[in-house]
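Beneath this line is the structure, given in structure tokens, with notes to follow.
The values are calculated or read from the model by the stated rules, or taken from the named source; none is laboratory data. Nothing here was measured: the structure is a model prediction, and the numbers come from that model. Every residue, glycine among them, receives a Cβ derived from its backbone with ideal geometry; neighbour counts consider all protein chains shown.
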Amino acid sequence: MQTALSIAMDAFAYGMALFIICIGLSLTMGLMRVVNLAHGAFAMIGGYIASWAGRDLGLGYGFGIALAVIGTVLIAIPLERLLYRRIYDRSELSQVLMTIGITFCIIGITNYIFGPTLKTIPLPAELAQPVDLGFRSIAGHRLFVIASGLVVAGGLWFLIERTGFGIHLRAAVENAGMARTLGIRTEIIYALSFALAIALSAFGGVVGAEFLPIEPYYALRYMVTFLVVVSVGGAGSIPGALAACLLLGAIDVTGRYLVPDFGNFFFYLAVILVVCAFPRGLMGRAH
Amino acid sequence: MANATLQSAAAPRLRPLGRDLIGLALIALAGLSGYWLFPDNLAFLTRVISVALLVLSLDLVVGYCGIASLGQAALYGAGAYAAGIACINGITDPILLILIGAVAGAVTGLFTGAVMLRAHGLPQLVLSIALVQLLHEAANKASWLTGGSDGLSGMAPAPLFGVFEFDLWGRSAYLFGLCLLLVVFAVLSLIVRSPFGMVCRGLKEDPLRISALGIYAFPVLLKMFVISGAVAGTGGALAAIATQVVGLDSVSFELSANALVMLVLGGIGHLYGALIGTVIFMALEHTVAAINPFHWMTLVGAVLIAIVLFAPRGLSGTLDQIAALLTRRGGRAGR
Amino acid sequence: MNGTSFGRLLRSGALALAGTLATLSGAAFADTIKVGIIGPFSGPFALQGKNFQAGAEAWLAQNGKTVAGHDIELVYRDLPTANPQQARALAQELIVKDKVQYLGGVYFTPDAMAITPLLKQGNVPLVIFNAATSAIMNSSPLVVRTSFTLPQTTTPLGKAAVERGAKKFVSIVSDYGPGVDAEGAFKKAITAAGGEVVESIRIPLNTTEFSPIMQRIRDSGAEGAFAFLPSGPPTLGFVKAFSDTGLKKAGVKLFAPGDLTQESDLPALGEAADGLITSFHYAVSHDSEVNKRFVAAAEKAIGAPDLLSFPAVGAYDGMFVISKMIAATAGKQDAEKAVEAVKGLGWESPRGPVKIDPETRHITQTIYLREVAKDAQGRWINKEIASFPEQGDPGLAK
């Protein structure tokens, strides 16, 4: 029982870290219909900025996160204006090609600037300490990830379902032409939601760095994981992404505990079964 | 659209046949000039041919059926491992090995197709990734059979027709590969223009209309998967014979993704687009990596972005546009 | 018309290719001896390739670019990940087109396996700077290796681990060739030393979340753990998880081959790796005159001191072996004579005294037991605490 609880706790933390990183991708793919394979690259940029802020500037963790989010969005804005805007209404394959190209460039440039070694983000003392939960001790950082994930999920749900911006966004997604005639400035809506997705990825890159360490190949190494999570959840659905992250996190973690030798088999078999059973994702929207 | 496609299928067949022959002759010419121009790079050129077969097979699925796949290397790797394992167990005739590879690829195509056709769009893409990862894992696990991550080595394919050895200079491997490519290309040209190929295209353009014609999509697409598997398996077997080592990289997501990039680069839905994409991408990678092995990735990335911005239909699409402008014939049937 | 354009494109691409290759090889003089070095200079393993380059260039910087009156020219070729097909193509091109007399480098086993069948026909010896599976040496008599094998570095760990008061061990390795080698070697060594491996766990290479594995270690009740994972993200995740989940505090002792604590990973591992015991053939902090000079030259070549790690010393010694081969054959291309000349060759390497075993052509060397600690300047290093001289490769000794 204790073991099961302990595993569940780990699975929950891991799933939440995945959720924070992936939810931005789910939004771009589901709402804006852009297959942004460079999503992980932005998470990586966030991680690098936070690591630089923490190690070289000596800033605190909170400042590091803020700097990472702002910095990554600032880097992404010109990319959105110059490159992404051209592929919003293009075929998925063009989007794949373009965003893989962007990923390659970002990897090459980070490798050049920061070198090929792993970068860590210094944690504040409160988060670095193990916390005693009674049945086991868990790294304080993991509790922070779980809390952040819940806040992100709640905040996004509120933003999209309950605010004026959310209504405009959903309108622009359902029917861009109609939304424009009604006076919604879809370009701005798209730019804002793109910025939001990037900000979330940067945030995820920083808080998830203990699970997915920051190094130049981050962007390619975890590309598949991110894509799988988003698609299993159903692109564009926040509860779907949450469910997918928790489900896949649980399968991954318990699989690795019970049969570590075949951990990957379990994971991908589960993916195949879920996709076959729910071809639109766990909570995907019908097109 | 689908109607136009079907009509053009019924159009006189002599002209396309003639064009095919010219196309084949040009490929042969290009291949032979490669042989004369770069007698010292034949191992690289053989690699280009085997990857070109993989990209061609991917084009059948992506370009002609509209099924996105990031797991095509599963079929390629199945062919490579089947040929490799057969070779180690005493079947050393290269032509027989190619056939074994093709059959293994086709069987794998049957299975992956049956799974992948259950979904559409992004979930389908993810299924293809999951399948190739699963096979990769299986090949790693079964190291008693496949050599695992150390690679399957120790193959000694017999000389082709008992005369031409697969040696350091790689002449026989290259010419053998070129012949294979020509045969496959000729067969595929016929297949994609056959009524069956047209139905596939129709399913891509307008599935509803095709099903209204009383055609059930699943077996048609599955058949294309099997053909695609045979082509990819041929490529894998060629790689196994020429390299005499099969590594886990031949069933990897990376190879699948590279193949897709090459295909989109060359232009989907044209057989020759697949060839152009492969040759340009691999030549670029090879040259840039030789000039500056340390930073080629940035440049390749920049080229990919430029292609999307300036040659949106891939290189072959752009060539077509130019050709159409020059001859005012605009020969893009089926679009 | 499409075909014409295709042909034209192919030819222009091909001509561009030829042009660049020609400029690369244009500077060849009659008495320039070319050495082709194949390694991962880009991609996820670029750090290892950089170390190849730093090691080779450190050797040239110290010994000059001339050996016995012959100029040496290094030709680098990039092979980012294990890809035997590409390895064969690169090696063929180096031999046939660039006319290299020696091949060096090679990071991955399957790549080496794809190159060895070419050596005899090409009359070229291959000096392996890294690829560490025992079987490579049997695939061609023209291969010499200056790196290590996992059985070689792991075997001394068995006795050391039991001496440190642990009897029951759990072994955790990444599920691929080298991991399986390490697992086997450790089990054998532990059993020979009177200990016991109670559980052997193999985990997929791409594992990033290690808490469930830590739970397994806890459940197994072992007093000691043995781990082998490739350097980079998996290592970091593993070592962090080991300390985060409290196993380290609970007194479970962690032992590993030195791959786990590569110097380039140490700044990131930091506190979490403190006190970790590893066994390996080379530590950048090794205390000797030869090593100090090597480190100074190699750090200059690689640019940043914290990037330097073990592949550099393999490359440095590899260059030494190649220089001896050049001297022995007086610059003539004679692979068999060259390899024959270095059999039994012994010298003082930055890692300590080494020798090329005349039977196996693999390097015999001292294996050190090291502990992760801070040096006087506060940098994390692998501090050598014991040494096991003249270790051959148990995987090859039959």
Requested in this report: Quick one: in region C:317-350, of everything that is surrounded by fewer than 16 Cβ atoms within 10 Å (Cβ to Cβ) and touching a Pro at 6+ places or on another chain (Cβ under 6 Å), which residue is nearest to residue C:99 (Cα to Cα)?
Outcome: C:343
**Report entry** Positions within region C:333-350 being part of a helix (DSSP H, G or I) and of a type outside the set (D, E, K, R), in sequence order
**Finding:** C:335, C:338, C:339, C:341, C:342
Query raised in the report: Filtering region C:51-85 down to residues that are closer than 19 Å to residue B:282 by Cβ and polar (S, T, N, Q), which residue is surrounded by the fewest Cβ atoms within 10 Å (Cβ to Cβ)?
Result: C:81
Query raised in the report: Hey, among the residues in region C:92-110 that are more than 8 Å from every other protein chain (Cβ to nearest Cβ), in contact with a helix residue (DSSP H, G or I) (Cβ under 6 Å, 6 or more places away or on another chain) and on the phi < 0 side of the Ramachandran plot, which one's modelled with the lowest pLDDT?
Result: C:98
Query raised in the report: Does region B:66-77 contain at least one residue that is at pLDDT 90 or above and not in a helix (DSSP H, G or I)?
Result: yes
Query raised in the report: away from every other protein chain (no Cβ under 11 Å), crowded, with 24+ Cβ neighbours inside 10 Å and modelled with pLDDT under 90: does that describe residue A:72?
Result: no
Query raised in the report: residue B:118 versus (1) facing another protein chain (nearest Cβ under 8 Å); (2) in contact (Cβ under 8 Å) with a residue 40 or more places away in the chain; (3) charged (D, E, K, R): which is the lone unmet condition?
Result: (2)
Requested in this report: Return only the number of the condition from (1) surrounded by fewer than 17 Cβ atoms within 10 Å (Cβ to Cβ); (2) more than 14 Å from chain C (Cβ to nearest Cβ) that residue B:127 does not satisfy.
Outcome: (1)
Query raised in the report: Can you spot a residue in region C:291-303 that is in a loop (DSSP other than H, G, I, E, B) and surrounded by 18 or more Cβ atoms within 10 Å (Cβ to Cβ)?
Result: no
Report task. Please work out if residue B:323 is modelled with pLDDT of 90 or more, in a helix (DSSP H, G or I) and more than 13 Å from chain A (Cβ to nearest Cβ). Result -> no
Query raised in the report: Out of curiosity, is residue C:337 more than 16 Å from residue C:148 (Cβ to Cβ), of a type outside the set (Gly, Ala, Ser) and free of Cβ contacts under 8 Å to residues at least 12 places away in the same chain?
Result: yes
**Report entry** Yes/no for residue C:238 being touching a helix residue (DSSP H, G or I) at 6+ places or on another chain (Cβ under 9 Å), more than 10 Å from chain A (Cβ to nearest Cβ) and not β-branched (Val, Ile, Thr)
**Finding:** yes
Query raised in the report: Take the residues of region A:83-95 that are more than 7 Å from chain B (Cβ to nearest Cβ) and crowded, with 17+ Cβ neighbours inside 10 Å: which is farthest from residue B:265 (Cα to Cα)?
Result: A:84
Query raised in the report: Do we find a residue being closer than 30 Å to residue A:132 by Cα, at pLDDT 90 or above and not hydroxyl-bearing (Ser, Thr, Tyr) anywhere in region C:258-271?
Result: no
**Report entry** Odd one out for residue A:65 among (1) free of Cβ contacts under 8 Å to residues at least 40 places away in the same chain; (2) in a helix (DSSP H, G or I)
**Finding:** (1)
Requested in this report: Would you be able to say whether some residue in region C:157-169 is away from every other protein chain (no Cβ under 13 Å) and touching a Leu at 6+ places or on another chain (Cβ under 9 Å)?
Outcome: yes
Report task. Hey, can you tell me all the residues within region A:267-287 that are surrounded by fewer than 17 Cβ atoms within 10 Å (Cβ to Cβ) and within 14 Å of chain C (Cβ to nearest Cβ)? Result -> A:269
